[in-house]
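Novice: Sharing a structure, written as structure tokens. Questions coming.
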Amino acid sequence: PTLKKAYLKEGVVPTNRRASISGLPETPYVVEYVTNATKPDQLSTDQIHNTTRHFFDAVDCPVTVNRELRSSEDSGSTVHVEIDISKANDLTYHTADNLGVLPVNSTADVEAVAKALGYDLDAYFTVKPAPKTEWHGAPFPTPCTVRDCLSQYCDLTSAPRRSELKQLASYATDPTDKKALLRMSSKEGKSEYKEKIVESHVGLVDLLRRCPSISAPLEHFLHFCPRLIPRYYTISSSSSVYPNSVHITVSVTETKKKDGSIFRGVCSSHLSGLVASKKDTVRIFNRESTFRLPKDTTRPILMIGPGTGIAPMRALLQERAYQRDSLKKTVGPNVLYFGCKKQSMDYIYEDELSSFQKDEILNELHVAFSREQSKKVYVQHLLAENAASTWELVNGQGAYIYVCGGVKMGGDVSEALKEIAVAEGNLSPAGAKEYLSKLASEGRFVQELWA
């Protein structure tokens with residue numbers, strides 16, 4: 001104790017697992033445990049890792065509303081979340097921008113990882129560059145607790161890449177564990193990896209349970225564990241109407257795994273569990289989107305957004321109402337195509353859309369209920385039924401087209417629009433494709449799609 005006191009920097013405790021590091025892969029990090037916990041270090045831009053800048057820039061904001069949008073008849077969940085940004089310095093947004101949300105891992109997963117690797121969740125530490133390594137900047141703010149690190153910065157639930165399995169094998173002391181990890185990381189084990197890791201939604205937390213011989217000091221864990229990445233939600237509010245609040249529409253991901261357990265999306269589950277009355281907060285930042293209303297407010301807009309793809313359309317309709325009622329501008333026709341399973345289950349924002357219709361902001365509303373008849377009906381089918389009026393709106397009146405939702409839906413809508421251009425505009429298939437490309441280059445055909 002006397003020697004430690006004499007030769008160790010005050011407040012710094014070295015990692016107690018140094019003796020076991022020999023033979024392990026190199027890591028660019030050194031972890032120093034500190035006893036006098038302080039606020040995270042203030043770092044300049046060039047001292048921060050470029051790919052994790054959001055950990056330093058995101059702002060903690062309180063949730064003021066969190067309500068379910070689907071009916072109890074639907075087993076799924078979509079929540080409407082409102083976040084107060086009135087006290088968030090420098091955080092502003094434009095209508096239908098993208099909100100970056102930093103996920104938080106569940107307490108159960110964090111505790112499971114800490115238990116498996118023998119980490120003290122309440123210990124504070126800093127991350128420094130290891131000697132003779134190329135340093136690209138701090139990966140996340142420190143000092144912080146191990147609990148905060150595992151909760152906010154480490155991806156514990158996504159399927160690791162095969163290269164990460166190979167790294168992980170270096171830390172398995174049981175030959176069976178090591179062999180299994182190496183096999184699935186190899187070219188020969190590609191199909192096994194796909195079946196047992198990717199399709200089974202197996203994350204690092206699951207692998208530590210299945211391969212209990214894995215042991216790694218924290219600085220090594222930080223090297224092989226991927227970082228949590230932000231999730232982006234197209235904002236569903238108008239910044240003109242709600243300058244101090246930002247709204248998002250979140251589909252909560254829950255999938256039954258092959259072993260019968262439930263895989264929960266880390267960000268959507270975190271968001272759905274936030275309680276406004278408890279003043280729960282969420283870390284957010286803004287990213288500009290491509291959704292921008294025409295500068296000429298008299299131009300029509302054609303909006304196609306099934307499911308949570310309705311989010312930016314809600315924002316655009318709020319903005320058009322503001323332009324008409326507050327700015328006293330003439331606003332062109334607004335046409336919306338929405339789709340869901342059944343009116344009684346997942347017709348989200350139905351009451352608001354009805355209000356927009358009554359206020360004559362929403363001039364046409366076309367809803368595809370895919371499960372209310374034997375043959376499935378989607379938004380692209382309704383577009384095709386209204387081919388003549390759609391062509392007149394786009395080609396005759398210069399409408400702007402906005403599409404938001406899944407990639408497959410986006411492709412189907414593009415094909416429907418091309419077919420309309422061929423049938424109503426007498427264009428060749430190649431000409432129709434070129435026509436849509438021209439609209440896109442002019443900012444008149446905007447798509448935001450996700451896989």
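Novice: Please sort by residue number the GluC sites (Glu not before Pro) in region 44-123 whose DSSP state is loop and whose Cβ has at most 14 other Cβ atoms within 10 Å. Kindly include the intermediate steps, with their values, before the conclusion.
Specialist: On the way: sites: GLU68, GLU73, GLU82, GLU111; in loops: GLU73.
Here the sparse-neighbourhood loop sites are GLU73.
Novice: While we're here: Using Cα pairs under 8 angstrom and six or more residues apart, how large is the relative contact order of the chain, in percent?
Specialist: 18 percent
Novice: To one decimal place, what orientation-averaged projected area in nm² is obtained for the convex hull of the Cα set of region 331-444?
Specialist: The directionally averaged projection comes out at 7.8 nm².
Novice: Continuing with the same structure: Tilt of helix 311-325 relative to the longest C-alpha principal axis of the chain, in degrees (0 to 90, nearest 10)?
Specialist: 50 degrees
Novice: Calculate, axis by axis, the spread of Cα positions in the chain along the three principal axes, and write the results as whole Å, longest axis first.
Specialist: 84, 51, 43
Novice: Order these peptides, 376-388, 399-411, by their mean beta-carbon neighbour count within 10 angstrom, highest first.
Specialist: Final packing ranking: 399-411, 376-388.
Novice: Evaluate the relative contact order of region 168-316 (contact order divided by residue number), counting alpha-carbon pairs under 8 angstrom at least 6 apart; express in whole percent. Walk me through the numbers before you get to the answer.
Specialist: Working: 115 pairs, mean separation 30.7, N = 149.
Contact order relative to length: 21 percent.
Novice: What number, rounded to the nearest 500 deg cm²/dmol, is the helix-based mean residue ellipticity at 222 nm of the chain, given -39500 (n - 2.57) per DSSP H run of at least four residues and division by all its residues?
Specialist: -9000 deg cm²/dmol
Novice: Also, quick follow-up: Can you send over the solvent-accessible area of SER185, 1.4 Å probe, protein chains only, in Å² to the nearest 10?
Specialist: Accessible area, nearest 10 Å²: 20 Å².
Novice: Give me the one-decimal nm value for the distance between modelled label points at ASP359 and GLU195, 7 Å along each residue's Cα-to-Cβ direction.
Specialist: It works out to 5.6 nm between the two label points.
Novice: What does a probe at ARG299 reach in region 397-415, counting residues whose amide N is under 12 Å from the point 7 Å along Cα→Cβ?
Specialist: In region 397-415, the label zone of ARG299 (backbone N under 12 Å from the point 7 Å along Cα→Cβ) covers 397-402.
Novice: Cα centroids of region 27-55 and region 93-143: how far apart, whole angstrom?
Specialist: Comparing the Cα centres of region 27-55 and region 93-143, I get a distance of 10 Å.
Novice: Right, next: Quick one: net charge of THR290's neighbours, Cβ under 12 Å, K/R +1, D/E -1?
Specialist: Once all neighbours under 12 Å are counted, the net charge is 0.
Novice: With axes computed from alpha carbons, what is the tilt in degrees of helix 407-425 against the longest principal axis of the chain, rounded to the nearest 10 within 0 to 90?
Specialist: 20 degrees
Novice: Ignoring any ligand, DNA or RNA, what whole percent of the accessible area of the chain comes from carbon and sulfur when the probe is 1.4 angstrom?
Specialist: That fraction is 50 percent.
Novice: Given +1 on the Cβ of Lys and Arg, -1 on the Cβ of Asp and Glu, and no further charges, what dipole in debye does the chain carry about its Cα centre, rounded to the nearest 20?
Specialist: With only Lys, Arg, Asp and Glu charged at Cβ, the dipole is about 1200 debye.
Novice: Looking at region 224-289 from every direction and averaging, what is the projected area of its Cα convex hull in nm²?
Specialist: 7.1 nm²
Novice: Would you give the gap between the C-alpha center of region 197-232 and the C-alpha center of region 351-402, rounded to a whole Å?
Specialist: Result: 45 Å between the Cα centres.
Novice: Only sites in a loop by DSSP and with at most 12 other Cβ atoms within 10 Å count here; which trypsin sites (Lys or Arg not before Pro) in region 182-263 make the cut?
Specialist: Sites meeting the loop and neighbour criteria: LYS187, LYS258.
Novice: Report for the chain the percent antiparallel among DSSP-assigned beta bridges with both residues inside it, nearest 5.
Specialist: 65 percent
Novice: Any idea which of VAL252, PHE224, VAL413 is furthest toward the positive side of the dipole for the chain, if Lys and Arg beta-carbons carry +1 and Asp and Glu beta-carbons -1?
Specialist: Most positive-ward Cα: PHE224.
Novice: What FRET efficiency do you get for ASP351 and THR255 if R0 is 22 Å and r is their Cβ-Cβ distance, rounded to the nearest 0.05?
Specialist: E between ASP351 and THR255, to the nearest 0.05, is 0.15.
Novice: Any chance you could get the radius of gyration and Dmax over the Cα atoms of region 92-222, in Å?
Specialist: So, for region 92-222, Rg and Dmax equal 16.8, 56 Å respectively.
Novice: Right, here's the next one. Below 11 angstrom from the Cβ of ALA387, what's the summed charge of the other residues (Lys, Arg +1; Asp, Glu -1)?
Specialist: -4
Novice: Between 0 and 90 degrees, rounded to the nearest ten: what's the tilt of helix 107-117 against the longest Cα principal axis of the chain?
Specialist: 30 degrees
Novice: Over the chain, average the accessible area per residue using a 1.4 Å probe and give it in Å², no decimals.
Specialist: Dividing the accessible area of the chain by its residue count gives 50 Å².
Novice: Using a simple charge model, +1 on the beta-carbon of Lys and Arg, -1 on the beta-carbon of Asp and Glu, nothing else, what dipole does region 19-85 show about its Cα centre, in debye to the nearest 20? Don't jump to the answer; show the numbers that get you there.
Specialist: Values: 4 positive and 11 negative charges, 18 e Å.
Here the size comes out at about 80 debye.
Novice: For a quick check of understanding: with a 1.4 angstrom probe and all protein chains in place, what accessible area in square angstrom does TRP135 have, to the nearest ten?
Specialist: Its accessible surface works out to 90 Å², give or take rounding.
Novice: Taking 0.36 nm per residue of separation and subtracting the Cα-Cα distance, what length does fully extending THR145 through LYS279 add?
Specialist: 46.0 nm
Novice: Once the dipole of region 245-362 is set up with Lys and Arg at +1 and Asp and Glu at -1 on Cβ about the Cα centre, which of THR297, PHE285, ILE348 lies farthest towards its positive end?
Specialist: Checking the options against the dipole of region 245-362, the answer is PHE285.
Novice: I want the local charge near PHE356. Using Cβ-Cβ distances under 13 Å, sum +1 for each Lys or Arg and -1 for each Asp or Glu among the other residues.
Specialist: Charge balance in the 13 Å sphere: -4.
Novice: Okay, next question. About the Cα centre of region 159-231, what is the dipole size in debye to 20, counting +1 per Lys and Arg Cβ and -1 per Asp and Glu Cβ, all else neutral?
Specialist: Dipole size: approximately 220 debye.
Novice: What figure in square angstrom, to the nearest 10, would you give for the accessible area of VAL198 with a 1.4 Å probe?
Specialist: 60 Å²
Novice: For THR173, THR390, THR290, give me the order by solvent-accessible area with a 1.4 Å probe, most accessible first, ignoring ligands, DNA and RNA. Each step should come with its number before you reach the end.
Specialist: Numbers: THR173 110, THR390 5, THR290 85 Å².
The ordering from most to least exposed comes out as THR173, THR290, THR390.
The values are calculated or read from the model by the stated rules, or taken from the named source; none is laboratory data. The model shown is predicted, which means the values in this text are computed figures rather than measured ones. Note: ideal-geometry Cβ built from the backbone for every residue, glycine included; neighbour counts use all protein chains shown. Accessible surface is based on the protein model in full, side chains and every heavy atom, while ligands, DNA and RNA are left aside. Shrake-Rupley method; radii C 1.70, N 1.55, O 1.52, S 1.80 Å.
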